[in-house]
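What follows is a single structure, written as structure tokens, with notes after it.
The values are calculated or read from the model by the stated rules, or taken from the named source; none is laboratory data. Every value quoted in this text rests on a predicted model; they were computed, and no experiment measured them. As a convention, Cβ positions derive from the backbone with ideal geometry for all residues, glycine included, and neighbour counts pool all protein chains shown.
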């Protein structure tokens with residue numbers, strides 16, 4: 001039987017594996033930090049890709065080769081301090097390893113001297129998180145979307161999530177308690193508006209570009225010595241999409257001081273000061289490739305991506321927790337409540353957020 005330690009040895013080309021421990025807080029893949037005897041590669045990150053979610057994991061590796069090489073070349077040519085994760089080669093010469101049980105494994109280098117945080121520390125950190133997303137999108141902005149496979153079809157497409165929600169609800173029934181009734185009402189009162197970004201794309205106002213797909217706060221690596229963001233990790237969802245998916249998801253993650261795993265869901269709120277700092281940092285890098293229509297839908301993206309994640313958590317709860325990892329049966333319900341309360345707070349702060357966007361736009365022109 002294969003274990004993370006025996007798999008890690010397949011990627012440890014110049015030293016024995018000393019330790020393998022669980023690493024990070026991912027909801028999809030299993031991630032481990034590997035320590036070896038090697039001087040060259042003392043630590044690396046080992047991941048078992050969830051093939052129930054990513055059904056064609058080879059496409060993930062194909063994408064990673066395409067965009068990491070592209071971004072590395074551009075960062076070097078333009079003198080940007082930016083570090084991209086590097087895919088490690090296994091002993092059989094491939095950039096992944098499939099064990100006899102069919103599990104798909106890959107390894108990437110560990111970026112030393114940097115750390116990530118689950119929530120925003122201060123305004124400077126918020127500004128760096130925004131700058132990191134802008135830098136990532138800038139470095140990948142001239143990569144043709146034809147170079148990237150769609151590794152997760154339907155990801156962030158809200159009409160599809162609503163269709164799946166309706167299907168799951170009809171198949172599994174509805175659990176009648178106060179929290180689930182609140183969630184159901186929340187979804188139904190916003191479903192007509194939820195098509196806003198896809199409608200804009202279909203109307204030609206917004207267009208597909210390379211995006212990160214999951215730029216949460218804890219995916220931004222900050223250099224310990226300088227406090228500067230130097231990398232954006234968790235790259236499985238890099239694919240063609242709307243840049244609004246990224247900025248909305250980043251703001252959703254960063255502007256909730258309690259974090260998405262809090263049990264105090266009724267106290268969840270959006271921090272507009274943090275939001276303004278993220279936008280400021282983002283636009284220092286992104287203004288060169290944004291078009292006027294992009295600014296028009298920024299607020300909608302912040303509200304929508306928060307609502308979207310809440311809907312996905314709620315749907316998975318009703319389906320029996322089949323997508324996201326959970327620690328207890330009501331975990332996804334609690335997660336949904338957090339996102340729905342955050343959405344309500346975003347709606348309450350609409351004037352503040354739109355004003356921040358307008359201020360940033362005026363500085364960008």
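So which of 126, 75 ends up being surrounded by 19 or more Cβ atoms within 10 Å (Cβ to Cβ), farther than 20 Å from residue 11 by Cβ and in contact with a helix residue (DSSP H, G or I) (Cβ under 7 Å, 6 or more places away or on another chain)?
126
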Note: among 107, 132, 114, just one is within 22 Å of residue 2 (Cβ to Cβ) and surrounded by 13 or more Cβ atoms within 10 Å (Cβ to Cβ), namely 107
Tell me which residues, restricted to region 269-279, are part of a helix (DSSP H, G or I) and either buried (at least 22 other Cβ atoms within 10 Å of the Cβ) or touching a helix residue (DSSP H, G or I) at 6+ places or on another chain (Cβ under 6 Å) (or both).
272, 274, 275, 276, 277, 278, 279
Within region 290-342, can you find the residues that are closer than 20 Å to residue 280 by Cβ and assigned to a loop (DSSP other than H, G, I, E, B)?
290, 291, 297
Matching entry among 86, 106, 81, 127 (being farther than 30 Å from residue 287 by Cβ and either at pLDDT 95 or above or not assigned by TED's automatic domain parsing to the domain that holds residue 325 (or both))
106
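The rows are residues; the columns are (1) farther than 18 Å from residue 97 by Cα; (2) touching a helix residue (DSSP H, G or I) at 6+ places or on another chain (Cβ under 7 Å); (3) assigned to a loop (DSSP other than H, G, I, E, B).
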position: 19; (1), (2), (3): yes, no, no
position: 32; (1), (2), (3): no, yes, no
position: 39; (1), (2), (3): yes, no, yes
position: 45; (1), (2), (3): no, no, no
position: 52; (1), (2), (3): no, no, yes
position: 55; (1), (2), (3): no, no, yes
position: 59; (1), (2), (3): no, no, no
Return only the number of the condition from (1) assigned to a helix (DSSP H, G or I); (2) farther than 30 Å from residue 65 by Cβ that residue 198 does not satisfy.
(2)
